[in-house]
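Student: Next up is a structure, given as structure tokens.
FYI, it's all coordinate maths here, none of it is from the lab. For clarity, every value in this text was computed on a predicted model and none was experimentally measured. Note that each Cβ is placed from the backbone with ideal geometry, even for glycine, and that neighbours are counted across all protein chains shown.
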Amino acid sequence: MRTRMLSCSRTVTLLTAYPFGLPDGQMDRKVRRHLRACPRCASWARSMRAAVAFFGTAPTIEAPASVRRRVEAVLGSTSGSTVARKET
Ligand SMILES: [Zn+2]
């Protein structure tokens, strides 16, 4: 039985939603098949993997207090904000 190949937009959507791997093995195979057949999506996937790897190894830095205060002021002025605040 031959299954339909994923579209480019569906492939990109799946890769964006699951940058560390797809949860469903069958869907994973379909994405891999699409990437073997589609150079454009394969190139996009390589770029995304490189970006994920880069951000995964980037050091985390503490924002200066002045920047945190400005961000908190902006967030605090937004009514109905759902941002969780860290208790201090
Ligand atoms: Zn494609």
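Student: Sticking to Cα atoms, compute the Rg of the stretch 8-61 to one decimal and its Dmax as the biggest Cα-Cα distance, whole number, in Å.
Tutor: 12.1, 41
Student: Excluding Ser43 itself, what net charge comes from residues whose Cβ is under 13 Å from its Cβ, given Lys and Arg +1 and Asp and Glu -1? Numbers along the way, then the final one.
Tutor: Values: positive: Arg36, Arg40, Arg46, Arg49; negative: none.
Combined, the nearby Lys, Arg, Asp and Glu give +4.
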